[in-house]
């Protein structure tokens, strides 16, 4: 099976894969600076009109399924990658189990649509900048409640921002909130918060769209006894083992969720055990399963596969601050070693689209002109000039995402042609994340985010997930300039200049944007195709139901 068998070629425009029209940040600002409500959803939350206004277009099968959705039941989900160090903190997430739990328990002010191409409002009724983007006003929906019955207020929003950005204990979204002048923020009324910025911040909405980092939590929040606004509320949690959540009867989207209970079991050591459990009926879903299983369940009377659009990226990470990758020639050589279509076929069974070492494939500013093909002769020449001819290196991998280990093994094979000896070291997930950001040559996994948001997460000296340790004063200056640029065309030119720097000098090898496979029992319904890289239709717990 090849990438072409699934309709994806190296030259295809990825925007054509999903139906959504790309979201225009320029129109976002243009419609708001005159005082109009920003992205307001005119219909009741959860209704069809609201969903369409939010850019949520479910696949026809999912839409028809929801028309006959049944209530009740306990959905049991098997996951690989949980650790004893995991938490239920709504403003941190390091692995897939944490991300998926956060989607169940919490909401943000905004959230990426299932396609990844739109950023509809969630808890916010409107978010409006001034003309110069030096101040933003956030107004919450009316009648929002936390799981404990407390009303959600503007003070909770301010508390949530301050908790994330706390310099003494920063959370995952701290770098993205650095431009906010939280000391000058004002609560105008119970539902309205005005936040001044230290500099114009035109990309503010992009920066807070990952609600697994930017959950709105109540003043005095305790992650050991988590309270959020999500479709499910906390019942029990054993790190690295299991979590049980109950239906939130006061969820702000009318009529949702359908399930009475959600049980996430993340104690599975490997995908084989996970698949055996769903095959035996011990669980209902094997989340983020090996892509080859999509073929295995074809024609099954008990199981089916949900295959996403290309959203997840599983890069190789080269630490730019230590040898041998502190020499840009070595980084360039390693990127030229990769036969990308072959790696897609080997690692994810052809379920992916070729990537070219830059991220942000759904972003309007994504530079599709940047292309990189395998060139062994040039790779060998670069290594020779760097004094690294015939070098050996260890590549650390783990089963934190489907296809990661297989991609590492494929790279080791491809590197032989360039005279590079790669020893693949497959470590337990717990060990991998214990040393996360420390490995010299390793891998990572990231879901789709707008480009400016990814830079904040992984590309700055202050970024929490800067596994490559890449630094560039020019890039950092351009990033600040992009954030301050309201005009979208001008901002895109700046972001493309950043992408050019990453393409030529960066520490990522990004071979592909991967599709994901979730294996589920035939009676599981409500999940549709997503392009965000988040399994199960962008963790669409609120629409899941059991026949």
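The values are calculated or read from the model by the stated rules, or taken from the named source; none is laboratory data. Keep in mind the model is a prediction, meaning the values are calculated, not measured. Positions of Cβ are backbone-derived with ideal geometry, glycine not excepted, and every protein chain shown enters the neighbour counts.
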**Prompt:** Take the residues of region 407-435 that are more than 26 Å from the chain's Cα centre (by Cα) and part of a helix (DSSP H, G or I): which is surrounded by the most Cβ atoms within 10 Å (Cβ to Cβ)?
**Reply:** 418
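If you go through region 496-543 one residue at a time, how many are part of a helix (DSSP H, G or I) and not assigned by TED's automatic domain parsing to the domain that holds residue 372?
Number satisfying all stated conditions: 8.
Conditions tested, residue by residue: (1) touching a helix residue (DSSP H, G or I) at 6+ places or on another chain (Cβ under 6 Å); (2) assigned to a loop (DSSP other than H, G, I, E, B); (3) modelled with pLDDT of 95 or more.
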site	(1), (2), (3)
77	no, no, yes
89	no, yes, yes
98	no, no, yes
103	yes, no, yes
112	no, yes, yes
119	yes, yes, yes
128	yes, no, yes
133	no, yes, yes
148	no, yes, yes
**Prompt:** In the set 234, 268, 214, which member is at pLDDT below 95 and either in the same structural domain as residue 154 (by TED's automatic domain parsing) or in contact with a strand residue (DSSP E or B) (Cβ under 8 Å, 6 or more places away or on another chain) (or both)?
**Reply:** 268
**Prompt:** Out of all the residues in region 437-451, is one or more under 19 Å from the mean Cα position of the chain (by Cα) and part of a helix (DSSP H, G or I)?
**Reply:** yes
**Complete:** When region 454-481 is checked residue by residue, the ones that are touching a helix residue (DSSP H, G or I) at 6+ places or on another chain (Cβ under 8 Å), part of a helix (DSSP H, G or I), in contact (Cβ under 8 Å) with a residue 40 or more places away in the chain and surrounded by fewer than 23 Cβ atoms within 10 Å (Cβ to Cβ) are 457
**Prompt:** Which members of region 279-313 meet the condition of being within 24 Å of the chain's Cα centre (by Cα), over 17 Å from residue 405 (Cβ atoms) and part of a loop (DSSP other than H, G, I, E, B)?
**Reply:** 284, 308, 309, 310, 311
**Request:** Mind telling me which of the residues 222, 276, 250 ends up being more than 30 Å from residue 484 (Cβ to Cβ), part of a loop (DSSP other than H, G, I, E, B) and without any contact (Cβ under 8 Å) to a residue 12 or more places away in the chain?
**Result:** 222
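Here are 94, 123, 105, 144: which of them is surrounded by fewer than 24 Cβ atoms within 10 Å (Cβ to Cβ), within 17 Å of the chain's Cα centre (by Cα) and within 26 Å of residue 532 (Cβ to Cβ)? Walk me through it before giving the result.
Values: 123 fails: within 17 Å of the chain's Cα centre (by Cα); 105 fails: surrounded by fewer than 24 Cβ atoms within 10 Å (Cβ to Cβ); 144 fails: within 17 Å of the chain's Cα centre (by Cα).
Testing whether each residue is surrounded by fewer than 24 Cβ atoms within 10 Å (Cβ to Cβ), within 17 Å of the chain's Cα centre (by Cα) and within 26 Å of residue 532 (Cβ to Cβ) leaves just 94.
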**Selection within region 217-259 - more than 22 Å from residue 161 (Cα to Cα) and loosely packed, with under 15 Cβ neighbours inside 10 Å** = 235, 236, 238, 241, 249, 250, 254, 255
**Asked** Which residue, of 534, 509, 519, 501, is touching a helix residue (DSSP H, G or I) at 6+ places or on another chain (Cβ under 9 Å), buried (at least 20 other Cβ atoms within 10 Å of the Cβ), modelled with pLDDT of 95 or more and farther than 24 Å from residue 275 by Cα?
**Response** 509
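Which of the following residues is modelled with pLDDT under 95 and assigned by TED's automatic domain parsing to the domain that holds residue 362: 471, 485?
Details: 485 fails: modelled with pLDDT under 95.
The conditions single out 471.
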